[in-house]
Amino acid sequence: MIKPEQIGKIVQIASALEVSGYPKPGNVHRTRDFDDMVFEDFIISGIVIGDIFTELAERTIENKENLSEIALGKTILDAVSETNNWVENNTNLGIVMMTSVLAAAAALSEDLTSLRLNVEKVMNATTVQDALDLYDAINLASAGGMGSQGEYDVNDDSAKQELIANRQTMFKVLKISAGWDDLACEMTTGMPIVFTVGYPTYADLRRTHSMNYASVLTFLTILSKFPDTLICRKYGKEMGQKVSDRVSEVLKHKDDDNFHDVLVELDDNLFENHLNPGTSADLTAASIMVYYLVKEFEKNNY
């Protein structure tokens, strides 16, 4: 088993490595700031949530026979609240949502296979209170789109009462959003993008390339295969597919001497057109986290 404090550190590492990747087209990275958020905001955000995830791992071990008691939703809310104490913008809600599930699952696991199985166990054990806490976290982060396209709209003041009345757990609420949000889909289907695309891509690249190259190429690979649902919600599915198609073309040049210049050009284009593949970034962070969890499993099983 991985120690809880190690799980907390891995969340911090994954958060830092994801945002540090450059040039990571369309997102904040170490050479690209946005007007309302800068690179350092993301670094700070990744650091300040570490203890919260350590505590989640500890609670998970204590309540491994009753996972409904681990307070997954409260972890997400606490992490967003703590982030807000240090930075002014929603920098990490998606990462927090994904890594919270992975952190709890990791506390129960001994290898990659059990990790994925435990992701599903953790999510299936979520409660109505977890859903209420998730809604508070979304509203605190001012992040729309998780439930605003159908039932239980996060922007509706009566939504929380409806969750209680209809006994909607966090799993059930995210299942409703899964059709238009890849993070919700990942969290309710065993994280197929992370486990079958993101993590294998990152792990393979780390064998022969730098951490930066592995992060960027993993991000691009995910984006090329799965239109970013943040872009799709803002600008429509056609635009989301258009961005993915362009990334696919860019990846054809990954072995060219001018690949860096091609990436910079794409980064500038997405930035100028306000096309921010935020979902792809969150999936990349989760993929990096799985890589480091597997490394810890291997150490412990050696």
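The values are calculated or read from the model by the stated rules, or taken from the named source; none is laboratory data. Values in this document were obtained by computation on a predicted structure and should not be read as measured data. Here Cβ is always computed from backbone atoms with ideal geometry, including for glycine, and neighbour counts include all displayed protein chains.
Regarding Leu266, is this residue within 18 Å of Gln241 (Cα to Cα) and of a type outside the set (Gly, Ala, Ser)?
In short, yes.
Among the residues of segment 173-187, what is the count of those that are surrounded by fewer than 21 Cβ atoms within 10 Å (Cβ to Cβ) and in contact with a Phe, Trp or Tyr (Cβ under 9 Å, 6 or more places away or on another chain)?
Summing the residues that are surrounded by fewer than 21 Cβ atoms within 10 Å (Cβ to Cβ) and in contact with a Phe, Trp or Tyr (Cβ under 9 Å, 6 or more places away or on another chain) in segment 173-187 gives 1.
Could you list all residues from segment 220-270 that are of a type in the set (D, E, K, R), in a helix (DSSP H, G or I) and in contact with a Gly (Cβ under 8 Å, 6 or more places away or on another chain)? Reasoning before the result, please.
Filtering segment 220-270 down to residues of a type in the set (D, E, K, R) leaves 225, 228, 233-234, 237-238, 242, 245-246, 249, 252, 254-257, 261, 265, 267-268.
Cutting the leftovers down to in a helix (DSSP H, G or I) gives us 225, 233-234, 237-238, 242, 245-246, 249, 261, 265, 267-268.
Selection gives Arg233, Asp267.
The conditions are (1) more than 28 Å from Ser210 (Cα to Cα); (2) at pLDDT 95 or above, and Asn90 fails exactly one of them. Which is it?
Failing condition for Asn90: (2).
In segment 216-245, how many residues are acidic (Asp, Glu) and within 19 Å of the chain's Cα centre (by Cα)? Lay out the reasoning, then the answer.
We begin by selecting, within segment 216-245, every residue acidic (Asp, Glu); these are 228, 238, 245.
After this cut, where a residue has to be within 19 Å of the chain's Cα centre (by Cα) as well, the list is 228.
Final tally of qualifying residues: 1.
Here is a list: Tyr292, Tyr213. Which entry is under 16 Å from the mean Cα position of the chain (by Cα), within 30 Å of Glu5 (Cβ to Cβ), in a helix (DSSP H, G or I) and aromatic (Phe, Trp, Tyr)?
When all the criteria are applied, what remains is Tyr292.
Each row is one residue, and each column tells you yes or no for (1) under 18 Å from the mean Cα position of the chain (by Cα); (2) of a type in the set (Asp, Glu).
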| residue | (1), (2) |
| --- | --- |
| Arg167 | no, no |
| Val173 | yes, no |
| Asp181 | yes, yes |
| Pro192 | yes, no |
| Thr196 | yes, no |
| Asp204 | no, yes |
| Arg207 | no, no |
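Working only within segment 123-140, note down all residues that are crowded, with 24+ Cβ neighbours inside 10 Å and touching a residue at least 60 places away in the same chain (Cβ under 8 Å).
Across segment 123-140, the qualifying residues are Met123, Leu134, Ala137.
If Leu117 meets every condition in (1) more than 26 Å from Ile231 (Cα to Cα); (2) at pLDDT 95 or above; (3) in contact with a helix residue (DSSP H, G or I) (Cβ under 6 Å, 6 or more places away or on another chain) apart from one, which number is that one?
(3)
Which pairs do you get when a residue that is touching a residue at least 40 places away in the same chain (Cβ under 8 Å) and on the phi > 0 side of the Ramachandran plot, found in segment 25-38, comes within reach of a residue that is among the aliphatic types (A, V, I, L, M) and assigned to a loop (DSSP other than H, G, I, E, B), reach meaning Cβ atoms under 8 angstrom, with the pair 6+ apart or on two chains?
Filtered contacts from segment 25-38: Gly26/Leu275.
Which residues, taken from segment 271-289, are touching a helix residue (DSSP H, G or I) at 6+ places or on another chain (Cβ under 7 Å), part of a helix (DSSP H, G or I) and of a type outside the set (S, T, N, Q)?
Across segment 271-289, the qualifying residues are Gly278, Ala281, Asp282, Leu283, Ala285, Ala286, Ile288, Met289.
Filter segment 56-109 down to residues that are of a type in the set (Gly, Ala, Ser) and in contact (Cβ under 8 Å) with a residue 60 or more places away in the chain and give me whichever is farthest from Ala141 (Cα to Cα).
Quick first cut of segment 56-109, residues of a type in the set (Gly, Ala, Ser) only: 57, 68, 71, 73, 79, 81, 94, 100, 103-107, 109.
Imposing the further condition that a residue be in contact (Cβ under 8 Å) with a residue 60 or more places away in the chain reduces the set to 71, 73, 94, 103, 106-107, 109.
Values: Ala71: 19, Gly73: 14, Gly94: 10, Ala103: 21, Ala106: 26, Ala107: 27, Ser109: 30 Å.
Here the answer is Ser109.
Among (1) modelled with pLDDT of 95 or more; (2) surrounded by 22 or more Cβ atoms within 10 Å (Cβ to Cβ); (3) closer than 20 Å to Gln12 by Cβ, where does Asp78 come up short?
Asp78 satisfies every listed condition except (2).
If a residue counts only when it is more than 18 Å from Ala285 (Cα to Cα), which helices (runs of 4 or more DSSP H) contained entirely in segment 32-150 have at least 3 such residues?
50-62, 72-84, 112-124, 128-140
Read through the list (1) more than 30 Å from Val119 (Cα to Cα); (2) touching a residue at least 24 places away in the same chain (Cβ under 8 Å), then give the number of the only condition that Val197 fails.
(1)
If you take the residues in segment 188-214 that are small (Gly, Ala, Ser) and surrounded by 14 or more Cβ atoms within 10 Å (Cβ to Cβ), which one is nearest to Thr279 (Cα to Cα)? Show your work before the answer.
Filtering segment 188-214 down to residues small (Gly, Ala, Ser) leaves 190, 198, 203, 210, 214.
Restricting the remaining residues to those that are surrounded by 14 or more Cβ atoms within 10 Å (Cβ to Cβ) gives 190, 198, 203, 214.
On the way: Gly190: 17, Gly198: 13, Ala203: 20, Ala214: 18 Å.
The residue in question is Gly198.
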